[in-house]
Amino acid sequence: MQAQGKSKVVYLNQQPGNFKENQGRSQQSVKRPLVIAMVGLASIFICSVPIFTALQAQSVNQENLLQAKAQYQEVQAAHAKLQEEAQRLNDPEYLAQVARKDYYYSKEGEIIFKLEGLEDDGFDQAAQANRP
């Protein structure tokens, strides 16, 4: 029966004469999503570059902020120490102690010897222990 020249193959959703045309369309339908995916990936990459640079700048700024906070705390501690020293300078006994220690003022009949190698001679601690 095939001798008559007609094939009994039925194409679904295709016309028998348009096979080559439909094959070209199927290749285009494969290329289109691939092109769309490539364009999408490229646009995501282009948009993500500024985000990553901003995150890197933020981390640098965060590190600088932590350093500035540490310096601020050091300055606050030094300021508190200086304020305490200023308060103590109002005390005449402390002033006499500082004058004797730093400027080698002595009481009548007293001789001051400076010994090398001794940085803390306990003078401040003894004077503060005698304070009421």
- [ ] Write out the GluC sites (Glu not before Pro) in segment 32-112 meeting two conditions: DSSP loop, and at most 16 other Cβ atoms within 10 Å of their Cβ.
- [x] Glu108, Glu110
Task: Coil-residue trypsin sites (Lys or Arg not before Pro) of segment 52-101, DSSP, other Cβ within 10 Å capped at 15 - done: none
TODO: Find out how many positive minus negative residues lie around Val39, taking Lys and Arg as positive, Asp and Glu as negative, among other residues whose Cβ is under 15 Å from that of Val39.
DONE: +2
Task: Solvent-accessible surface (1.4 angstrom probe) belonging to Val30, in square angstrom, nearest 10 - done: 100 Å²
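The values are calculated or read from the model by the stated rules, or taken from the named source; none is laboratory data. If you're wondering where the values come from, they're calculated on a predicted model, not measured in any experiment. Counting neighbours? That spans all protein chains shown, and the Cβs are built from the backbone with ideal geometry, glycine included. The accessibility values were calculated without ligands, DNA or RNA, using every heavy atom of the protein model including side chains. Shrake-Rupley method; radii C 1.70, N 1.55, O 1.52, S 1.80 Å.
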